[in-house]
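Inspection log for the structure reproduced underneath, given as structure tokens.
Rule-based calculations on the coordinates, nothing more; no lab input. Note that the structure is predicted; figures quoted are calculated from it, not measured. In this analysis, Cβ positions are derived from the backbone assuming ideal geometry, glycine residues included, and neighbour counts consider all displayed protein chains.
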Amino acid sequence: MTTSTPEPEQIQQPQATIKTVDDGPLQVKGSFQVVDHNGDAYEFPGRTAFLCRCGHSATKPFCDGSHKRAGFTAHGRASDQETT
Ligand code: FES
């Protein structure tokens, strides 16, 4: 079996949409990779993941629903923030 180096147009770039969930996690949809603090990578090819932004999840970086028990609130909009 032979292998070849893929042409640049054959390399699939990660594409994802990140949506804030009121009083909850960040919803990430698309094809992407999450790498945790240990360097462990989780592949999400065309899938959805919910990332904790309250700090209470026992399964960080993923949301486990703990934000509800913690009473986490967040209603900010992206337009409320300055971008650099
Ligand atoms: S946002 Fe759901 S547990 Fe943190």
Legend entry - Mean Cα-pair separation over length for region 15-70, i.e. relative contact order, pairs under 8 Å, 6 or more apart, %: 29
Inset, instruction - Can you tell me the FRET efficiency between Thr48 and Lys68 if r is taken as the Cβ-Cβ distance and R0 is 25 Å, rounded to the nearest 0.05? - result: 0.85
Legend entry - Cα gyration tensor shape for region 19-79, rounded if a/c is under 1.5, else prolate or oblate: oblate
Inset, instruction - Show the residues, 5+ positions off or on another chain, whose built amide H is closer than 5 Å to the amide H of Phe62. - result: Cys52
